[in-house]
1. Suppose the filter is more than 24 Å from Tyr343 (Cβ to Cβ) and of a type outside the set (D, E, K, R); does Phe53 pass it?
2. Of Phe69, Phe53, which residue is crowded, with 17+ Cβ neighbours inside 10 Å and part of a helix (DSSP H, G or I)?
3. Looking only at residues that are in contact with a helix residue (DSSP H, G or I) (Cβ under 9 Å, 6 or more places away or on another chain) and modelled with pLDDT of 90 or more in region 57-69, which one is farthest from Phe127 (Cα to Cα)?
4. Filtering region 243-262 down to residues that are in a helix (DSSP H, G or I) and modelled with pLDDT under 80, which residue is farthest from Glu332 (Cα to Cα)?
5. So if I check each of Tyr284, Tyr294, which one is more than 23 Å from Ser112 (Cβ to Cβ), out of contact with any Pro (no Cβ under 8 Å at 6 or more places or on another chain) and modelled with pLDDT of 90 or more?
6. Looking at this structure, is Leu24 more than 20 Å from His165 (Cβ to Cβ), among the hydrophobic types (A, V, I, L, M, F, W, C) and in contact with a Pro (Cβ under 6 Å, 6 or more places away or on another chain)?
7. Tell me which residues, restricted to region 294-334, are closer than 30 Å to Val155 by Cβ and of a type in the set (Ser, Thr, Tyr).
8. Based on this model, can you work out whether Leu74 counts as surrounded by fewer than 20 Cβ atoms within 10 Å (Cβ to Cβ) and part of a helix (DSSP H, G or I)?
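The values are calculated or read from the model by the stated rules, or taken from the named source; none is laboratory data. Quick caveat: nothing in here was measured; it's all calculated off a predicted structure. Backbone-built Cβ (ideal geometry, glycine too); neighbour counts: all protein chains shown.
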Amino acid sequence: MVATLMAYRASLTPNTRAGKTSLLFLVLILTLFSSLRGSSVGTDTAQYLSNIFYVQNMGSIRRLLEPGFDILVLFISFFIKDPQFVLVVIALIINGLIVKRLWMLRSQISFSYAIFIYTTTYYIMTFSGLRQWLAVSIIFFGSKYLFSLNYFKYVVTVIIASLFHNTSIFALILPILDMLSSKLKYRRQKLMFILLFFLGPLLVGGIVILDSRTNLLSQYGGYFLQLRHFVGELSGGLMIWIKIIIGIFVWMSIQKSSLPNSDFRARVFNIYFLGLVVSFPGYYIANLARIGWYFNIFETIMFGLLAKDRSARARVLIIVITTLYILLFILEMVGSGRGHMPYIPFWK
């Protein structure tokens, strides 16, 4: 709630000192609450603190295929050699990149509502899986290149993200999805599509060969092997069914939206819906949903767009979404909060 109010204050006066101060405090609040947690808060915080301590003392890189995290730890350690301080910097990077990307879109979306969606749904998830959330935040920020049709810079962004988590390469599908969403109406998209048509087999072959020699993706193959048990387990996972129903209503709403730039809406919606499709098995299979994080995070933009729509249909849908997300957030916090509750600071 505090984060949403700070975001609302910042969006009211975006170009003033008060607005910039509110934005700074927003990032600061998100960063400190995330990073000052104790080792028991989060599903893998204790393990990360142990790994950070090891890298700092050994001064070497443990993961040759995903060296980004260890390199970042070593760089931070040049200034302050403390595992908790590393968590502060990582939280600043993750939240800073996500908030900055949403702020860049403030003329097209409701910035405060996008922050509301982020803080009630994804923020607490960033307490665990730090390597992957670093990758997610880098790709999310790099989506500015995707939507400006600068696909080369976007691919470079994905490569950088893959240094932290190899599953980032799944985000390479977004340029293709983006081209199809726009129906190749831009000249740059047509040229890129032709290039991909000829180079695609080489790229796929290169990834297969690289994986066979380095175990680049095979290390995550266990997630997919569990798919054989998936068909018989479709009875649970209320949350994903709620999200899919909301997704259908969002699609119906944007068809009659009063907002300009329908092309941007379509491109964002397709990524958002891809996230639902990819995450669907993950609500039944442990850890598989993580692959969908690269696309799920665009839900913040999608709902921010919807909140900007002044039509009666969109307003009713926003009320429903807000009510459901608050209810689900409360229920989650009353429970274990996905392994993040109770919240205990590191000094206790």
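1. On the way: more than 24 Å from Tyr343 (Cβ to Cβ): no; of a type outside the set (D, E, K, R): yes.
No; evaluated as a whole, the condition is false for this residue.
2. Numbers: Phe53 fails: crowded, with 17+ Cβ neighbours inside 10 Å.
After ruling out the rest, the residue left standing is Phe69.
3. Filtering region 57-69 down to residues in contact with a helix residue (DSSP H, G or I) (Cβ under 9 Å, 6 or more places away or on another chain) leaves 59-66, 68-69.
Narrowing the set further to residues that are modelled with pLDDT of 90 or more leaves 68-69.
Working: Gly68: 18, Phe69: 15 Å.
Per the stated criteria, the residue is Gly68.
4. Keep residues of region 243-262 that are in a helix (DSSP H, G or I), which gives 243-255, 262.
Checking which are modelled with pLDDT under 80 leaves us with 252-255, 262.
On the way: Met252: 29, Ser253: 28, Ile254: 30, Gln255: 33, Ser262: 35 Å.
Out of the qualifying residues, it is Ser262.
5. Numbers: Tyr284 fails: modelled with pLDDT of 90 or more.
Unique residue meeting the criteria: Tyr294.
6. Numbers: more than 20 Å from His165 (Cβ to Cβ): yes; among the hydrophobic types (A, V, I, L, M, F, W, C): yes; in contact with a Pro (Cβ under 6 Å, 6 or more places away or on another chain): no.
Against the criterion (more than 20 Å from His165 (Cβ to Cβ), among the hydrophobic types (A, V, I, L, M, F, W, C) and in contact with a Pro (Cβ under 6 Å, 6 or more places away or on another chain)), Leu24 does not qualify.
7. Tyr294, Thr300
8. Numbers: surrounded by fewer than 20 Cβ atoms within 10 Å (Cβ to Cβ): yes; part of a helix (DSSP H, G or I): yes.
Yes, satisfied.
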